[in-house]
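So the structure is just underneath, and the comments pick up after that.
Nothing in this text is a laboratory measurement; each read-out follows from the coordinates by a stated rule. Here the structure is a predicted model, which means the values were calculated and not measured. Cβ placement follows ideal geometry from the backbone for every residue including glycine, while neighbour counts extend to all protein chains displayed.
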Amino acid sequence: MTTAALFIILFLCLLTGMPIAFALGLSSIGTILLFSNDSLASIALKLFEAQSEHYTLLAIPFFILSSTFLSTGGVAARIINFAIDCVGWIRGGLAMASVLACMIFAAVSGSSPATVAAIGSIVIAGMVKQGYPKEIAAGVITNAGTLGILIPPSIVMLVYAAATEESAARLFMAGFMPGIMMGTMLMVVIYVVARVKGLPAQPWVGFGNLLKSSGSAIWGLMLIIIVLGSIYGGICSPTEAAAISAVYAFFIAIFVYRDMGPLKGVAWRREGDAIPTIIVRNLLLTLKALPASIFHKDTRRVMMDSSKVSIMLLFIIGNAMLFAHVLTTERIPHHIAEMIVGWGLPAWGFLIVVNILLLAAGNFMEPSAILLIMAPILFPIAVQLGIDPIHLGVIMVVNMEIGMITPPVGLNLFVTAGITGESITWVLRAALPWLMILLVFLALITYIPQISLWLPEYIDHLKGF
């Protein structure tokens, strides 16, 4: 009775168009008040615990702040130029460069919609200008942007780690190779399509320009090494690495690239200046501008934007944890686990059920909420069947990727629609052919666990020496 009441209230709330966070919270509170023997005080306690006892979740606001500084501070444009110089000379190279740029930006942002917004707002118009059909440009970016939650650092992986108490660092390691593999698959298909449709190639810019663009993008690329290197090397926890990334992104956006803040437009060097003069001048400028940069209107705008996104996401997470608390209190995961295990499904059959459930849920709910609700149900069953929890985490994240481009709640569809000025239906038609690649990729990730587990096992092996 309690289980039926919980899900009936949830679906009724969703059908009215109520935001998912409020639907989760209202259904949980309503069930506790009307049908459960649980204490009313548990509501306040669980909402407090959601933000205070899950240390891993503290990384989310820092990664969002870092991503906002990078998106505003011109890093995305430099990454795109570097990617174009790398692969733009291949037929279909501009679309391939867009995928490569998404892969790089994903490694510094952790967010799928942020990746689509930062990269898509620049490259979609550029591809159309170079002769690409608008549908191909929009479809490629919508799908490639999903790499933002697979390639580490990933906000969705942090949520899974908090829900299951698995290591966020190992999840980040497990997502690295699948992210590279998915990006490569997209680029291979783009090359085939480009040969068939006769899509243009950019002229080869030469190694000199390639070195120049890599030098321009190096400060953004260094963030990948700082964050992932510190986590994989055991120097920092993901939360500490996220805090470092936010501070680093602030400094490179304001004092290195100078695309925002009090030094916006100020050149690094003046004609005729010697190197010692350049160093001293810029050091003095940085020291003088540091206090003003903290309170500058650009910084305040970035802080406000990132705060809005963080509060929205953490509010969803808090209510989803309350929903998961009701599930656990009523032993719903335990009963479902007994039922599924009673079916006698082998591990491969259970993974089919997992993918079907998650793909269906991805149509209607935000990824963090899905993970917090489904992970407590699926995790114990997977452990009983001998499925590695880290492998299960990657499978769930890939399903969440697909959910980002399936209606009616596919966030990437809305972002691309905003960029292109087209309708959601048009964006969906443009994205669907490329979605087939993600479904093939999901099958590979599901049934070849070593794609996900090779890197964390190898790093564990190295640490053993």
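Quick check: pseudo-label points 7 Å beyond the Cα along Cα→Cβ at D305 and M185, how many nm apart are they?
3.2
Which whole-Hz ³J(HN,Hα) couplings does region 302-319 yield from phi under the Karplus relation 6.51 cos²θ - 1.76 cosθ + 1.60, θ = phi - 60°, glycine and proline marked x?
3J(HN,Hα) across region 302-319, in whole Hz: 5, 4, 5, 4, 5, 5, 4, 5, 5, 4, 4, 5, 5, 5, 4, 4, x, 5.
Y132: net charge of surrounding residues, Cβ under 12 Å, Lys/Arg +1, Asp/Glu -1, itself excluded?
On the way: positive: R91, K129, K134, K197; negative: E135.
Cβ neighbours under 12 Å give a net charge of +3.
Taking amide H atoms as placed 1.01 Å from N in the peptide plane, list the residues 5 or more away in sequence, or in a different chain, whose amide H sits under 5 Å from that of I90.
Q202
Please sort 22-30, 303-311, 61-69 by packing, taking for each peptide the average over its residues of neighbouring beta carbons within 10 angstrom, highest first.
Going from most to least packed, we get 61-69, 22-30, 303-311.
Take every Cα-Cα pair in region 235-322 and report what % of them are more than 23 Å apart.
Summing the P(r) tail past 23 Å for region 235-322 gives 42 percent.
So, by mean Cβ neighbours within 10 angstrom, what's the order for 106-119, 272-285 with the highest one leading?
On the way: 106-119: 28.6, 272-285: 11.6.
Per-residue mean Cβ counts within 10 Å order the peptides as 106-119, 272-285.
Going highest first, how would you order 175-188, 85-98 by mean Cβ packing within 10 Å? Please list the in-between numbers first.
Values: 175-188: 20.3, 85-98: 24.2.
Highest mean packing first, the order is 85-98, 175-188.
For the chain, what is the calculated [θ] at 222 nm in deg cm²/dmol (nearest 500), taking -39500 (n - 2.57) for each run of four or more DSSP H residues and dividing by its residue count? List each step's numbers first, then the result.
Numbers: 21 runs with 355 residues, N = 465.
Dividing the helical sum by the residues of the chain leaves -25500 deg cm²/dmol.
Give the Rg/Rh ratio for region 320-465, taking Rg as the radius of gyration of the Cα atoms and Rh as the Kirkwood radius, to two decimals.
A ratio of 1.03.
Within 10 Å of each candidate Cβ there may be at most 12 other Cβ atoms; applying that plus a DSSP loop requirement, which GluC sites (Glu not before Pro) in region 131-203 survive?
Numbers: sites: E135, E165, E166; in loops: E165, E166.
In loop regions of region 131-203 (DSSP not H, G, I, E or B), the sparsely surrounded GluC sites (Glu not before Pro) are E165.
Rounded to two decimals, what ratio of Rg to Rh does the chain give with C-alpha atoms and a Kirkwood Rh?
Details: Rg = 23.1 Å, Rh = 23.3 Å.
Rg/Rh for the chain comes to 0.99.
Return the lysines within reach of K264: Cα separation strictly under 24 angstrom, same-chain partners fewer than 8 residues apart disregarded; answer none if there are no such residues.
Once the sequence-local lysines are set aside, what remains near K264 is K212, K288, K297.
Determine the relative contact order of region 58-301: mean sequence separation of Cα pairs under 8 Å and six or more apart, normalised by residue count, in whole percent. Mind showing how you got there, number by number?
Values: 355 pairs, mean separation 65.7, N = 244.
Reported as a whole number, the value is 27 percent.
Can you figure out the FRET efficiency of T277 with L211, using R₀ = 22 Å and their beta-carbon distance, to the nearest 0.05?
Values: r = 25 Å, r/R0 = 1.12.
Working from the Cβ atoms, E equals 0.35.
Based on the Cα coordinates of region 246-287, what is the per residue volume of their convex hull in Å³? Don't jump to the answer; show the numbers that get you there.
Details: hull volume 2.8 nm³, N = 42.
In region 246-287, the Cα convex hull volume per residue is 67 Å³.
Please list, in order along region 78-93, the HN-Hα scalar couplings obtained from phi with the Karplus expression 6.51 cos²θ - 1.76 cosθ + 1.60 (θ = phi - 60°), rounded to whole Hz, x for Gly and Pro.
Running phi through 6.51 cos²θ - 1.76 cosθ + 1.60 with θ = phi - 60° gives 5, 5, 5, 4, 5, 5, 5, 5, 6, 10, x, 6, 7, 4, x, x Hz.
How many times 2.2 N^0.38 Å is the alpha carbon radius of gyration of region 6-154?
Working: Rg = 21.0 Å, N = 149, 2.2 N^0.38 = 14.7 Å.
Ratio of Cα Rg to 2.2 N^0.38 Å: 1.43.
In whole Å, what are the Cα extents of region 58-301 along the three principal axes, biggest one first?
Principal extents (Cα only, largest first): 56, 54, 31 Å.
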